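Worksheet: the structure to be examined is printed underneath.
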Amino acid sequence: MEVRELERLEFDRLRARVAELADTPMGRRIVEVLLPTSDAGEAVRRLAETEEALVCLPKVPSLSGVADIHPWVVRAGKGGVLPPEAFLALRAHLRAAERLRRTLAEVSRERPLPNLLAYAERLASLPALVEEIEWVFDERGEVLDRASDDLLEIRRRLRELDARVREILQDYVRSPEFRQHLQEPVIAFRAGRPVLPVKSGSAPVFGGRIVDVSQSGYTIFVEPESVVALGDRRQALVAEEAREIERILRRLSRKVGARAHELLASHEALGALDAIFARARYAAELRATRPALRPRGRIVLRGARHPFLPPASAVANDIVFPEGVRALLLTGPNTGGKTVTLKTVGLLAAMAQSGLFVPAREAELPVFDGIYADIGDEQSLEQSLSTFSAHMGHIVEILRRATEDSLVLLDEIGAGTDPAEGAALAQAILDALLARGAHVVATTHYGELKAYALSRPGIVNASVSFDLETLRPTYELRIGIPGESHALTIARRLGLEEGILAAAERYLRTGRELLGERIAELERARAAQERAREEAEATRAQYAAELEALRREREDFRRERERILTEGRAQAEEHVRRARSEARAILRELRALRDELVRLASHAQKTRGGEGGVPELRASELLRAAEAAYRRLAHEEEALPQAFAGGQKEDPARGEARAAEREEGEDRSPRPGDRVYLPRYNLQAEVVQVTPRELVVRAGSLRIGVPPDEVVSLRTNGGPSSVPGRKERASRREQGAEPAGGHFLRADAAVTPELDLRGMTVEEALHTLEHYLDRALLAGYSRVRVIHGLGTGALRRAVRERLRELPYVRAFRAGGEGEGGEGATVVELVP
């Protein structure tokens with residue numbers, strides 16, 4: 001964005017304040033060149049940085065005292081030797097970087113700091129270098145004796161030599177013979193040599209060497225003959241010391257040069273972090289909030305304040321562009337706050353896109369590609385430009401560059417020329433900007449523009465209020481209400497003659513009547529439109545509340561349904577478990593009865609010649625017990641799939657109805673449309689005709705006539721009936737078609753030695769398998785074949801896994817040749 005445009009908003013003054021809050025020269029330089037970005041992603045990232053820094057402020061260490069290490073690092077990188085002060089600056093930088101890194105890591109454990117941690121990763125961590133600098137230098141930058149063994153030895157010899165020289169010179173100072181020739185009884189150093197301050201003319205008394213003379217000429221600094229040789233030796237040691245220090249500095253400088261790239265990155269990161277923390281400190285100082293940036297959104301500033309006004313005394317205003325509005329026309333008296341409001345909008349927009357929080361309770365702003373401001377008196381004597389010409393030249397430039405993503409601020413638009421022409425020109429300029437889609441805030445005193453704003457879509461009037469009693473502005477902004485300049489009222493309060501005021505009112509009334517009527521008409525239309533909008537909004541809110549209530553009811557219903565289904569499934573699974581357990585017990589009972597019958601039959605054969613009443617009586621009792629057990633088994637078989645499929649607790653009335661249906665199904669004869677099973681043909685068929693002597697059934701395209709007693713009715717759930725109806729069984733016994741007591745062996749005549757599970761899910765297949773094996777065992781099969789197909793092998797594995805768990809399965813194997821191979825499993829049942 002253009003720096004000059006921002007200067008009109010005093011953005012440079014704001015930057016200067018933020019720069020004062022930085023701790024380091026690097027941070028200050030970054031803030032001093034800070035400009036708004038038109039990249040939405042970059043602006044959002046800057047705001048996120050400021051927000052993270054604001055969280056860290058209470059814990060972040062001060063960076064004061066951290067110097068700019070950039071020139072020193074560059075010099076070391078080029079092979080130069082650094083002075084001691086450079087190493088002190090490096091040490092301060094590395095210490096501060098380490099403290100800051102630890103602090104950010106600590107805070108990040110409580111809340112994420114992705115942006116600040118990205119900078120922290122670039123902060124150099126060179127503890128070995130810091131340790132070596134601390135070993136070599138003291139806090140003033142003096143090279144310590146321990147810096148090297150050679151330096152330690154040189155300085156030891158220097159101290160010994162200095163002690164001898166001092167002792168000799170002290171003899172001169174204490175001697176009455178020589179003291180009278182001394183200007184002062186002290187030992188001094190000139191040019192690095194030990195000397196005595198001797199009176200002018202007394203130098204020959206001491207002999208030796210004149211090292212220096214005072215400015216007055218009264219004092220001569222003499223190195224006595226007795227210490228000249230020692231002084232020469234001292235100078236040699238001093239030179240040797242300097243060479244050793246040079247060697248130490250060069251060695252350390254090479255180490256810094258080797259880390260130049262890392263140190264420069266750290267220098268840049270530390271400066272960036274300091275600038276971010278300066279932005280955070282400014283946000284805290286202003287009590288500012290993070291603005292929401294919405295590309296091509298609208299301007300919403302609630303409780304907005306100008307950043308240069310004290311937070312405690314500034315009047316906060318809601319500067320909110322209504323939906324569909326792109327321009328705000330501000331009217332009101334002079335010094336009423338119009339220009340401050342205009343600058344507030346521009347300055348807060350620039351702050352938001354610079355990563356600065358804004359002084360507002362709530363803020364939502366578009367991302368502008370340019371902020372253009374025509375504010376103030378730009379009259380130029382040098383360029384022969386009047387105020388109007390200067391403003392118009394600037395507006396021409398704005399119109400040339402403004403886009404739909406621009407913010408244009410126009411103070412006193414159309415002023416400085418004939419009011420009629422100025423108002424017409426202002427309307428045309430606003431038309432052009434609105435057609436372009438730019439956001440505009442303009443101020444004016446022209447009544448024609450107020451009427452224009454009432455009739456033109458996309459622009460709305462606003463005003464700043466004025467207290468006529470105190471003749472002071474209140475600085476309160478009112479959106480949708482055009483303002484008054486109150487010139488005559490203010491003049492009357494200031495004492496202007498009534499005659500002059502009356503004449504002014506007559507002149508004003510003539511030209512204002514038509515305009516006033518037009519404004520009043522437009523205001524009525526606007527008010528009606530606002531009422532309609534409010535009613536529509538209230539209706540929408542009501543519908544939204546009702547919709548939310550319905551949504552909650554639907555969610556409650558879904559949760560309740562899920563709860564009922566869950567409870568039902570649990571009850572069904574428990575019922576299935578109990579039913580299966582009961583069925584196993586019944587099967588064991590039937591097998592025991594079968595074995596007992598076999599034993600009795602064998603006993604009867606052996607004693608056929610004798611009286612057989614007791615065995616026959618016992619056999620009859622066993623058969624009746626078996627029949628009762630089988631009826632219980634049939635009941636469990638029938639109830640099992642119903643309970644499992646329902647998954648819910650059955651209503652008692654529905655249970656009674658289902659029992660009645662079963663009873664009816666057992667007692668009635670087959671009818672046309674009934675599904676039946678033909679054991680002789682191993683077919684399921686549909687009854688198409690019933691005659692007294694036979695049933696005509698259809699299986700596919702095949703029609704067959706069969707006796708009624710050779711069919712087995714199929715229940716509604718699709719499975720063959722395991723137990724014939726009671727009336728049917730009684731009839732068949734009376735006709736001699738079924739021997740007494742043996743019907744339970746004929747009951748599973750419909751069971752075939754083969755079960756086909758193909759096309760079923762694993763769950764369906766396992767349930768069908770167990771049901772089938774129970775009936776096959778009851779029917780007396782010792783071997784059956786289960787067809788499951790090849791497929792992916794999942795069904796085959798599940799079937800064989802379940803067979804391993806069943807106690808009445810003796811063994812099983814894959815089908816052999818002619819038995820289906822791996823697509824079938826042959827099951828051996830326990831006899």
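Just to verify a number: FRET efficiency for Ser216 and Ala128, C-beta to C-beta distance, R0 = 51 Å, to 0.05? Could you put the intermediate results ahead of the total?
Working: r = 55 Å, r/R0 = 1.07.
Given R0 = 51 Å and the Cβ-Cβ separation, E is 0.40.
Placing pseudo-labels 7 Å out from each Cα toward the beta carbon at Glu828 and Arg4 gives an inter-label distance of 10.5 nm.
Here the extension length gained between Ala504 and Thr539 equals 7.7 nm, from 0.36 nm per residue of separation less the Cα-Cα distance. Ranking Trp135, Trp72 by solvent-accessible area of protein heavy atoms (1.4 Å probe, all protein chains present), from largest to smallest, gives Trp135, Trp72.
How high is the FRET efficiency from Ser38 to Asp318, r the C-beta distance, R0 30 Å, rounded to 0.05?
Working: r = 26 Å, r/R0 = 0.87.
Approximately 0.70, to the nearest 0.05.
According to the square roots a ≥ b ≥ c of the eigenvalues of the Cα gyration tensor, what is the shape class of the stretch 754-829, taking rounded for a/c under 1.5, prolate for a/b larger than b/c otherwise, and oblate for the remainder? Since a/c reaches 1.5 but b/c is at least a/b, the shape of the stretch 754-829 is classed as oblate. Distance between the pseudo-spin-label points of Lys255 and Gln180 (7 Å out from Cα toward the beta carbon): 6.0 nm.
Each residue, Leu494 and Glu573, gets one label point 7 Å from its Cα in the Cβ direction; the gap between the two is 9.0 nm. Between the C-alpha center of the stretch 1-65 and that of the stretch 112-191 there is a gap of 42 Å. Thr691 contributes an accessible area of around 40 Å² to the protein surface, as traced by a 1.4 Å probe with all chains present.
From the alpha carbon centroid of the stretch 417-442 to that of the stretch 764-821 is 90 Å.
Is the shape of the stretch 137-265 best called rounded, prolate or oblate, per the rule: a/c under 1.5 gives rounded, else a/b larger than b/c gives prolate, else oblate, with a ≥ b ≥ c the square roots of the Cα gyration tensor eigenvalues? The partial results should precede the final answer.
Working: a/c = 3.49, a/b = 2.53, b/c = 1.38.
It comes out prolate by the Cα gyration axes.
Computed extension gain for Ala585 through Arg436, at 0.36 nm per residue and net of the alpha carbon distance, reaches 44.8 nm. Take the Cβ atoms of Thr474 and Glu285, set R0 to 35 Å, and the FRET efficiency comes out at 0.85.
The values are calculated or read from the model by the stated rules, or taken from the named source; none is laboratory data. In this text the structure is predicted, and so the values were computed from the model without any measurement. Methodologically, a virtual Cβ is constructed for each residue, glycine included, from the backbone with ideal geometry; neighbour enumeration extends over all protein chains shown. Remember, those area values only see protein heavy atoms, side chains included, never the ligands or the DNA or RNA. Shrake-Rupley method; radii C 1.70, N 1.55, O 1.52, S 1.80 Å.
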